[in-house]
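Just below is one structure, and these are the notes that go with it.
Where a number appears in this text, it was derived from the coordinates with a stated rule and is not lab data. All values reported here derive from a predicted model rather than from experimental measurement. When we count neighbours, we look across all protein chains shown, and the Cβ atoms used for this are built from the backbone with ideal geometry, even at glycine.
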Ligand SMILES: [Fe+2]
């Protein structure tokens, strides 16, 4: 696996642990033991563990509430939404974790998705992860995406599509692919470890296939903040072992009242 540089927002501080060749180049958290059953009140009232705390806080960054950050993102509408413009917004502030409290709810059964805001341009959400949880390898419908952690870490592995037996299924309007391939060839490219105040993981039109997972040495619940443009309610999921793919509907675990979005039953 190739070592890569992280993508930083403006003024970002490199506090990531770079993984290379399967090893983690970082001091491991020495607390030991797997923590289960953490919930929102416990989470935000306690400081993060040392293992994935930002190594060098950038004091020039203004601490903002989630409401303020959503307003800043909404203010970018009116001009083309580019990866760089949103990186500048996200990389110039530090998100106040306490303002996220109402959106957080970790569960042992799956990583959970909690909508914060949706409009014609953006899906903005908080994701909650327990140790060991992660996504399958998936695509993003040609969307742009940005993600960083507020607490803990996420390994973000990028893949390149090298071919499949149903390439014609990509010739569809409004989606990246109808999926259904049975012989899909993906190549892992790089791993970026997102940490608080560290690199912001991006999805672009050039690199749109990835997976996210809590690193093996991160034994605390993880909170991450995600922005997508445009909104989406499904994605292509890959079964890497079998070489197949299928389209999967996506659901939120919670959403503020007034949003008509698919919710997990
Ligand atoms: Fe993703």
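One Cα centroid belongs to region 236-265, the other to region 137-171; the line between them spans 14 Å.
Taking 7 Å steps out from each Cα toward its Cβ at residue 74 and residue 250 produces label points 2.1 nm apart.
What is the ratio of the Cα radius of gyration of region 58-249 to 2.2 N^0.38 Å, where N is its residue count, to two decimals?
Cα Rg divided by the expected 2.2 N^0.38 Å: 1.03.
Fully extending the segment from residue 206 to residue 172 would add 10.5 nm, taking 0.36 nm per residue of separation and subtracting the current Cα-Cα distance. Annotation: peptides 124-136, 217-229, ranked by per-residue average of other Cβ atoms within 10 Å with the highest first, follow the order 217-229, 124-136. Region 204-229 and region 95-133 have Cα centres separated by 12 Å. Taking 0.36 nm per residue of separation and subtracting the Cα-Cα distance, full extension of the segment from residue 234 to residue 182 would add 16.8 nm. Each label point was placed 7 Å from the Cα along the Cα-to-Cβ direction; for residue 263 and residue 102 their separation is 1.5 nm. By the compact-protein rule of thumb, 2.2 N^0.38 Å, the alpha-carbon radius of gyration of region 123-219 corresponds to a ratio of 1.16.
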